[in-house]
Amino acid sequence: IDNISPNFYKIYEQVRHCAEKKINFLVGNGYRKAIEFLVKDYLINSLNKNQQMIKKKNLIECINLLDFKKDLKNLIHLYRE
């Protein structure tokens, strides 16, 4: 995942730290932001989507660009490595 989305892991680790410290007001938004970085970076770096177009889209619009059967499996596989 670090090769595709270096910021995902940084954000995820910070949010996980907040969750462990019971800083719950930040956790939901933090996980959402981490997922947004992962999905957008995956679209740009792995699927060669236009960076300018992807950066302007919100998370739902980007998720809708994924082929869930194929792309979600790839994302999960990357996370497990």
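Consider Arg16 carefully, then state whether it is under 22 Å from Ile60 (Cα atoms), in a helix (DSSP H, G or I) and basic (Lys, Arg). Spelling it out, it is not the case that Arg16 is under 22 Å from Ile60 (Cα atoms), in a helix (DSSP H, G or I) and basic (Lys, Arg).
Listed by first and then second residue, the pairs with beta-carbon distance under 6 Å, at least 6 apart or on different chains, first residue in segment 7-18 and touching a residue at least 24 places away in the same chain (Cβ under 8 Å) and within 13 Å of Glu36 (Cβ to Cβ), second assigned to a helix (DSSP H, G or I) and open to solvent by 50 Å² or more (accessible area, probe 1.4 Å), are Asn7/Phe37; Phe8/Phe37; Ile11/Lys33.
Provide a single number: the residues in segment 25-46 that are outside any helix (DSSP H, G or I) and either at pLDDT 90 or above or closer than 14 Å to Asn7 by Cβ (or both). The number of residues fulfilling the criteria is 0. Restricting attention to segment 3-47 and to residues that are of a type in the set (Phe, Trp, Tyr) and under 8 Å from the mean Cα position of the chain (by Cα), the residue that is surrounded by the fewest Cβ atoms within 10 Å (Cβ to Cβ) turns out to be Phe37.
Cβ-Cβ distances below 7 Å connect the following pairs, each with a first residue in segment 28-44 that is without any contact (Cβ under 8 Å) to a residue 40 or more places away in the chain, a second residue that is surrounded by fewer than 19 Cβ atoms within 10 Å (Cβ to Cβ) and polar (S, T, N, Q), and a separation of six or more residues or different chains: Gly30/Gln14; Phe37/Asn7; Ile44/Gln51.
When Asn58, Asn48 are checked against the criterion of being polar (S, T, N, Q) and at negative phi, a single residue qualifies: Asn58. Might you check whether a residue that is at pLDDT below 95, under 16 Å from Asn7 (Cα atoms) and either open to solvent by 70 Å² or more (accessible area, probe 1.4 Å) or in a loop (DSSP other than H, G, I, E, B) (or both) occurs anywhere in segment 57-67? No: zero hits.
The values are calculated or read from the model by the stated rules, or taken from the named source; none is laboratory data. What you are looking at is a predicted structure, and each value in this text was computed from that prediction instead of being measured. Note that each Cβ is placed from the backbone with ideal geometry, even for glycine, and that neighbours are counted across all protein chains shown. Side chains included, ligands, DNA and RNA excluded: accessible areas come from the protein's heavy atoms. Shrake-Rupley method; radii C 1.70, N 1.55, O 1.52, S 1.80 Å.
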